Amino acid sequence: MKSHYAMILYPLKKSAQKFSAENEVIKSKESMIAQLTEEGFLGDYFSVILEGQEEKQTGYLVGDNFLKLVTFLGCSPHLSLTLPEDNSDWHHFCHVEIQEHSSPVFMKGLNTLKCSCPQCKSRLSIPLSKMQQWTPDSMEILCPKCQHLSLVEDLKWRHSAGFGSFFIVIHSVYPSEAVPTEKLMNLLSLDYSMDWDYFYYEQ
């Protein structure tokens, strides 16, 4: 089975703020989509059913200015930006999906690295079995080096995992292959009135 890769943008929880879906309610999802479309990040919306599947595949084609708002590193990247005709080609199809959850979730993938203490930067190892029990604002980790106590969602995950209830998923982007531009992050920050970050995801 082929791996699936993505770069995911998400709003950061403010340090003194309780972690809830209500914290991430934007003024209007529709206005944000309209703005990102106007800026050329998002293209046309699509909804298709793949052959042999019952669930619809939905999302947005990338807009005309997508490559000005997302910087791909290295030599010319090979990106498939049009709706694929064959199921197997969806694996390479670069498009944007907006995901919403009723409550915050921990998004991690095969590429998730060990996190680090926000105080002294020491690497921390948290067993997967423990992370599977995560709920917002409830799990604290003690750094064995500096004895700083941190909520799990406040640890430094080095762009390999994220927490939240609202995600903008850019499919078919390999880890560290691209980064969002400052302009794109500023556009999102204005709509949410809070800072945004990003991480890479492999499944």
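Every number here is computed from the coordinates shown, using simple stated rules; none is lab data. All values derive from a computational prediction rather than experimental measurement. A quick note on method: Cβ atoms are made from the backbone with ideal geometry, for glycine too, and the neighbour counts reach across all protein chains shown.
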- Item | Cα-based helix-to-principal-axis angle, 29-38 vs the chain, degrees rounded to 10 | 60
- Task: May I ask for the angle, rounded to the nearest 10°, between helix 182-192 and the longest principal axis of the chain, with both axes built from Cα atoms and the value confined to 0 to 90°?
- Result: 80
- Put in order of increasing Cβ neighbours within 10 Å, starting from the fewest, ILE8, ILE141, ILE49 give ILE49, ILE141, ILE8
- Listing HIS91, HIS171, HIS78 from the residue with the fewest other Cβ atoms within 10 Å to the one with the most, what is the order? HIS78, HIS91, HIS171
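Taking the Cα centre of the chain as origin and charging only Cβ (+1 Lys, Arg; -1 Asp, Glu), how large is the dipole, in debye to the nearest 20?
Result for the chain is approximately 1220 debye, rounded to the nearest 20.
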- What Cys residues in the chain are without a partner cysteine, judged by a Cβ distance under 4.7 Å? CYS75, CYS94, CYS115
- Would you work out which of PHE166, THR135, PRO104 lies farthest towards the positive end of the dipole of the chain, given +1 charges on the beta-carbon of Lys and Arg and -1 on that of Asp and Glu, about the Cα centre? THR135
- Among the listed pairs LYS29/LYS183; LYS29/LYS121; LYS56/LYS130, give every one whose C-alpha distance is greater than 24 Å. LYS29/LYS121; LYS56/LYS130
- Query: Within the chain, what is the longest stretch that has no trypsin sites (Lys or Arg not before Pro) placed in a DSSP loop and near at most 10 other beta-carbon atoms within 10 Å?
  - Reply: 19-203
- Query: Among [x] 54, 39, 38; [y] 47, 43, 32; [z] 66, 42, 40, which is the computed Cα extents along the principal axes in Å?
  - Reply: [x]
- Item | Spatial separation of Cα centroids for the stretch 96-112 and the stretch 125-195, in angstrom | 10
